[in-house]
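Presented below is the structure to which this report refers.
The values are calculated or read from the model by the stated rules, or taken from the named source; none is laboratory data. None of these values were measured; they are calculated from a predicted model. Cβ coordinates were reconstructed from backbone atoms using ideal geometry, including for glycine residues, and neighbour counts include every protein chain displayed. SASA here: full protein model, heavy atoms, side chains in, ligands and nucleic acids out. Shrake-Rupley method; radii C 1.70, N 1.55, O 1.52, S 1.80 Å.
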Amino acid sequence: SNVTNVSERSLKSGRGSLRTDPRVQAMRPEERESRESMAQEIGRQLNVMAGDQGFSTEDHKSLGFHRRVAFLMPQRFVYEALAATRDAIDDERAGRKTVRGVDAYFAGTVQKIAERERIDLGVEWKVKHPSEAI
């Protein structure tokens with residue numbers, strides 16, 4: 001994984017695995033397929049923002065984290081995190097902000113939103129305060 005501020009948390013209840021998470025198991029197959037597409041799209045968009053136009057969607061480096069985000073966060077919050085990341089990258093290119101890394105910024109934004117909305121993504125955040133990640 002190229003995102004260094006998150007790691008999957010192993011829970012004794014088995015919720016560490018995305019496949020066994022009750023929220024994922026309750027999804028219809030069509031919903032799971034849509035969420036998988038979203039996980040791929042997250043990776044594609046982040047790589048385009050980072051300037052990598054030759055991105056392959058097959059098992060990108062942060063796919064596991066992007067799956068967690070796509071499967072466990074409501075879509076409007078995923079789009080909010082992507083938009084905030086895009087805005088930050090635009091600000092960096094205009095010289096108004098410094099972004100340490102597109103993936104790290106996105107992960108920090110996801111952390112802030114998950115904390116704000118009390119969404120358990122089943123990850124242990126290495127950075128305890130979301131503002132430290134971005």
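Kindly check whether there is at least one residue in region 95-102 that is in a helix (DSSP H, G or I) and open to solvent by less than 50 Å² (accessible area, probe 1.4 Å). Quick ask: steps written out before the conclusion?
Of region 95-102, the ones in a helix (DSSP H, G or I) are 102.
Cutting the leftovers down to open to solvent by less than 50 Å² (accessible area, probe 1.4 Å) gives us 102.
There is at least one residue in region 95-102 that is in a helix (DSSP H, G or I) and open to solvent by less than 50 Å² (accessible area, probe 1.4 Å).
Does region 77-93 contain at least one residue that is out of contact with any Pro (no Cβ under 6 Å at 6 or more places or on another chain) and outside any helix (DSSP H, G or I)?
no
Only one of (1) within 18 Å of ARG86 (Cα to Cα); (2) modelled with pLDDT under 95 fails for ASP21. Which number is that?
With respect to (1) within 18 Å of ARG86 (Cα to Cα); (2) modelled with pLDDT under 95, ASP21 is out only on (1).
Go through region 103-125 and count every residue that is part of a helix (DSSP H, G or I) and touching a residue at least 60 places away in the same chain (Cβ under 8 Å).
Residues of region 103-125 that are part of a helix (DSSP H, G or I), as a first pass: 103-117.
Of the ones still in play, those that are also touching a residue at least 60 places away in the same chain (Cβ under 8 Å) are 103-104, 106-108, 111.
Here the count works out to 6.
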